[in-house]
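Okay, structure first, notes after.
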């Protein structure tokens with residue numbers, strides 16, 4: 001049986017591969033390794049729902065593998081016969097476009113935009129054999145009927161008849177948490193809506209945000225503790241975010257997006273961000289003012305057709321094979337292992 005080694009640092013790395021894993025786990029010998037951040041290796045795989053034998057990262061780089069696959073750019077098993085990189089998202093922040101991808105034999109490209117950026121930067125040629133036009137397998141359940149609104153609402157235990165907003169900020173200097181976190185909670189709850197908050201893995205490692213989540217939870221906010229954000233996206237009527245790549249993933253639903261502007265994002269991404277692509281698919285709240293956010297949120301819910309043309313355009317630009325990316329990825333994996 002062919003042997004595949006999967007690498008991860010955070011549970012989200014594994015979520016990106018989970019639909020693939022479910023399709024091939026009985027065909028191949030799949031083992032896991034990694035350099036987890038803030039947790040043990042066993043906890044890392046358990047949190048993502050993976051039942052695989054684990055290999056110490058020190059030893060795994062010396063063992064023989066038929067395939068090494070990772071959605072993190074770190075390359076551990078350099079001696080693997082085939083090294084596959086899958087991307088954990090597609091973002092306009094620009095940090096994913098690095099020459100490190102050339103360490104891999106195959107790249108599961110998410111969409112035309114990602115490919116164009118790699119070519120523009122001179123990292124890849126359009127005819128580069130590393131390029132495989134796959135899409136984003138983790139998002140298949142968002143559009144193939146797996147997660148309906150009703151199923152997701154029951155899964156999250158949401159009650160009430162009002163609208164549901166999902167607040168999913170990025171982390172670091174571009175995060176809206178500092179300026180807008182409490183404001184988003186106040187505005188959504190005052191409008192009578194239900195609010196789901198999903199923080200980035202890196203934010204969750206900070207004790208202060210764990211305390212803040214407990215505070216919000218006591219006010220009736222649904223703090224989403226799952227690793228896979230797809231159910232939270234499926235049930236929501238509107239997304240509130242900043243520079244998070246979740247905004248791009250949410251385009252597959254063609255539902256309203258409200259953006260929060262954080263001036264400090266320039267410090268972190270001024271040299272890499274594709275600013276012409278930012279904040280194109282929804283209104284931008286430029287200051288932490290409750291009346292401004294409330295007005296934009298109400299207008300977005302009352303007129304979900306606003307920005308639809310731009311949303312549909314970017315959806316096509318960002319994603320290959322929506323709803324079929326897993327099928328395409330598995331086909332390539334089988335071909336590479338023949």
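A short reminder: the numbers here are calculations on the coordinates, not readings from a lab. Just so it is clear, the structure is predicted and the values come from calculations on it, not from any experiment. With ideal geometry, Cβ positions are generated from the backbone for all residues, glycine too; neighbour counts draw on all protein chains shown.
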**Item:** Helix 290-302 vs. the chain, principal-axis angle (Cα, 0 to 90°, nearest 10)
**Value:** 70
**Alpha-carbon centroid distance for the pair the range 23-44 / the range 248-320, whole angstrom** = 34
**Asked** What angle, in degrees between 0 and 90 and rounded to the nearest 10, separates the Cα long axis of helix 207-218 from the longest principal axis of the Cα atoms of the chain?
**Response** 50
**Asked** For the residues 106, 125, what sequence is obtained by ranking on other C-beta atoms within 10 Å, fewest first?
**Response** 125, 106
**Asked** GNM on the chain, C-alpha springs below 10 Å: top fluctuator among 157, 40, 194?
**Response** 157
**Item:** Proportion of all alpha-carbon pairs of the range 1-110 beyond 24 Å (%)
**Value:** 17
**CD proxy at 222 nm, helix term only [per DSSP H run n ≥ 4: -39500 (n - 2.57); per residue of the chain; nearest 500]** = -10500 deg cm²/dmol
**Complete:** Helix 308-318: inclination vs the chain longest Cα principal axis, degrees, rounded to 10, gives 20
**Fill in**
Per its Cα gyration tensor (rounded if a/c is under 1.5, else prolate when a/b beats b/c, else oblate), the range 142-318 is best filed as rounded
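Neighbour counts of other C-beta atoms within 10 Å: give me 87, 7, 59 arranged from fewest to most.
Lowest count first: 59, 87, 7.
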**Message:** What whole-number distance in Å separates the alpha-carbon centres of the range 50-67 and the range 112-131?
**Reply:** 30
**Request:** Find how much the distance from residue 51 to residue 63 grows on full extension, using 0.36 nm per residue of separation minus their present alpha carbon separation; answer in nm with one decimal.
**Result:** 2.3 nm
